[in-house]
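To start, the structure under review is shown below, and the notes come after it.
The values are calculated or read from the model by the stated rules, or taken from the named source; none is laboratory data. None of the values given here were measured: they were computed from a predicted structure. No Cβ is skipped: glycine too gets one built from the backbone with ideal geometry, and neighbour counts run over all protein chains shown. What goes into the accessible areas is simple: the full protein's heavy atoms, side chains included, and nothing from ligands, DNA or RNA. Shrake-Rupley method; radii C 1.70, N 1.55, O 1.52, S 1.80 Å.
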Amino acid sequence: MIPAPFSYHRPKTLAEASALLAQHGEEARVLAGGHSLIPMMKLRLAQPEHLVDLAAIAELKGVQRTGTSLVIGAMTTQHELQGSKAVADAAPIIREASLLVADPQVRYVGTLGGNIANGDPGNDMPAVMMCLDASYRLTGRGGPRTVKARDFYQGTYATALKAGEIVTAIEIPVPPTGHGYAYEKLKRKIGDYATAAAGVILTVRGGKVATCAIALSNLADRALLAKDAAAAVVGTALEAPALAAASKAARAIMSPASDTRGSVEYRTAVGGVMVERALKRAFERAKG
Ligand SMILES: Cc1cc2nc3c(=O)[nH]c(=O)nc-3n(C[C@H](O)[C@H](O)[C@H](O)COP(=O)(O)OP(=O)(O)OC[C@H]3O[C@@H](n4cnc5c(N)ncnc54)[C@H](O)[C@@H]3O)c2cc1C
């Protein structure tokens, strides 16, 4: 339970952090809230020789509403997200999901950037960001670039992040006023990762679903966008057959691990239930 020895760096600017990461290459890891990385280091599943702590870099913090986008600094904590009026007004699914992440102690320190960069399929924010069609702003040796959340996840702890790259911010197109949203998460107890979870963002026109995005957490080796499930409800008033079709289409792409949270069959079944519940609640909340 004691990490291997490492050097600790606390840069004050992004440029300094990038230079440290470039200098130490594969031996260096970014440290954000530390609530995934430090446990991995204690278990010796990660043994970085250099930790580059982003905590002192002011430009990585905070939430800004700029026209039609919400831009959230990577080092913004879950606790800060929950207290942000801009987040609650523009994309309330973020607050709803954040309140289901871990427990208050973890949320005081754990960051949005760490949650989405980690690559653990059990993290809740990747699916939320996929529903919202967010983009991640990255910077590294090759300069700044942007990757869509929907293109970012490649497998367990495998993402589009290149060596030495830092997530600087998460940019979210603000969903239309009156949109419906819900994040449904089944967990064994407070503070647990999801047995199965689903997020939904939809709009309703004339009593029918006009647009819909559904994403899944901890139901495969990465967060999944359930495109066919979303297509199954567009143009419907979410009658029982449409809900059943969405659940079936979502279950068809799930491949959860069989673990202490349940068998593959159980987790797939409750994954379908989470999709139905999230769709129903999002539909009830939508105006239009
Ligand atoms: C008891 C417990 C329960 C938990 N339950 C949940 C849960 O239910 N749902 C959930 O989503 N999470 C859960 N977590 C994980 C928690 O949310 C972590 O805080 C989160 O996964 C990582 O965020 P962090 O800021 O702590 O990042 P860190 O642990 O510091 O970093 C995580 C990884 O991301 C990389 N990284 C971090 N920030 C950046 C960046 N800006 N740019 C590039 N790479 C970066 C690090 O190098 C590291 O590889 C739980 C953790 C604990 C300890």
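Just name the residue that is farthest from Arg65 (Cα to Cα) out of those in the stretch 155-180 that are in contact with a strand residue (DSSP E or B) (Cβ under 9 Å, 6 or more places away or on another chain) and of a type in the set (Val, Ile, Thr).
Thr159
Would you check if there is a residue in the stretch 137-156 being open to solvent by 20 Å² or more (accessible area, probe 1.4 Å), free of Cβ contacts under 8 Å to residues at least 12 places away in the same chain, within 14 Å of the ligand (Cβ to nearest atom) and not acidic (Asp, Glu)?
Yes, because at least one residue in the stretch 137-156 is open to solvent by 20 Å² or more (accessible area, probe 1.4 Å), free of Cβ contacts under 8 Å to residues at least 12 places away in the same chain, within 14 Å of the ligand (Cβ to nearest atom) and not acidic (Asp, Glu).
Can you run down the residue pairs with Cβ atoms below 7 Å, 6 or more apart or on separate chains, where the first is in the stretch 222-243 and closer than 21 Å to Met129 by Cβ and the partner is part of a helix (DSSP H, G or I) and open to solvent by 20 Å² or more (accessible area, probe 1.4 Å)?
Leu224/Ile253; Leu225/Arg150; Ala226/Ala249; Ala226/Ile253; Asp228/Ala249; Ala229/Ala249
In the stretch 33-57, which residues are within 20 Å of the chain's Cα centre (by Cα), more than 17 Å from Ala163 (Cβ to Cβ) and open to solvent by less than 30 Å² (accessible area, probe 1.4 Å)?
Scanning the stretch 33-57 gives Gly33, Gly34.
Which of the residues belonging to the stretch 113-125 are more than 8 Å from the ligand (Cβ to nearest atom) and open to solvent by less than 10 Å² (accessible area, probe 1.4 Å)?
Ile116
Can you tell me which of Glu96, Glu80 is open to solvent by less than 70 Å² (accessible area, probe 1.4 Å), under 22 Å from the mean Cα position of the chain (by Cα) and within 30 Å of Lys187 (Cα to Cα)?
Just one listed residue meets the conditions, Glu96.
Can you tell me which residues in the stretch 271-288 are part of a helix (DSSP H, G or I), touching a Leu at 6+ places or on another chain (Cβ under 8 Å) and either open to solvent by less than 20 Å² (accessible area, probe 1.4 Å) or not β-branched (Val, Ile, Thr) (or both)?
Once the filter is applied, which keeps residues that are part of a helix (DSSP H, G or I), touching a Leu at 6+ places or on another chain (Cβ under 8 Å) and either open to solvent by less than 20 Å² (accessible area, probe 1.4 Å) or not β-branched (Val, Ile, Thr) (or both), the stretch 271-288 yields Gly271, Met274, Val275, Glu276, Leu279, Lys280, Ala282, Phe283.
Taking the stretch 58-75, which residues are crowded, with 22+ Cβ neighbours inside 10 Å and part of a loop (DSSP other than H, G, I, E, B)?
Matches in the stretch 58-75: Ala74, Met75.
Name the single residue that is surrounded by the most Cβ atoms within 10 Å (Cβ to Cβ) among those in the stretch 168-199 being more than 10 Å from the ligand (Cβ to nearest atom), of a type in the set (D, E, K, R) and not in a loop (DSSP other than H, G, I, E, B).
Per the criteria, the residue is Glu184.
Can you tell me which residues in the stretch 243-264 are in contact with a strand residue (DSSP E or B) (Cβ under 8 Å, 6 or more places away or on another chain) and closer than 16 Å to Ala282 by Cα?
Ala246
Hey, can you tell me all the residues within the stretch 1-24 that are touching a His at 6+ places or on another chain (Cβ under 9 Å) and either open to solvent by less than 40 Å² (accessible area, probe 1.4 Å) or not small (Gly, Ala, Ser) (or both)?
Once the filter is applied, which keeps residues that are touching a His at 6+ places or on another chain (Cβ under 9 Å) and either open to solvent by less than 40 Å² (accessible area, probe 1.4 Å) or not small (Gly, Ala, Ser) (or both), the stretch 1-24 yields Phe6, Tyr8, His9, Glu16, Ala17, Leu20, Leu21, Gln23, His24.
So, in the stretch 11-53, exactly how many residues are among the small types (Gly, Ala, Ser) and in contact with a Lys or Arg (Cβ under 8 Å, 6 or more places away or on another chain)?
Total satisfying the criteria: 3.
Output yes when any residue across the stretch 233-248 is within 16 Å of the ligand (Cβ to nearest atom), among the hydrophobic types (A, V, I, L, M, F, W, C) and at pLDDT 95 or above, and no when none is.
no
Which one is nearest to the ligand (Cβ to nearest atom), of the residues in the stretch 24-43 that are at pLDDT 95 or above and of a type in the set (D, E, K, R)?
Arg29
To keep it simple, each residue is scored yes or no on (1) in contact (Cβ under 8 Å) with a residue 40 or more places away in the chain; (2) out of contact with any Asp or Glu (no Cβ under 9 Å at 6 or more places or on another chain).
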{"position": "Leu20", "(1), (2)": "no, yes"}
{"position": "Val30", "(1), (2)": "yes, no"}
{"position": "Pro39", "(1), (2)": "no, yes"}
{"position": "Arg44", "(1), (2)": "yes, yes"}
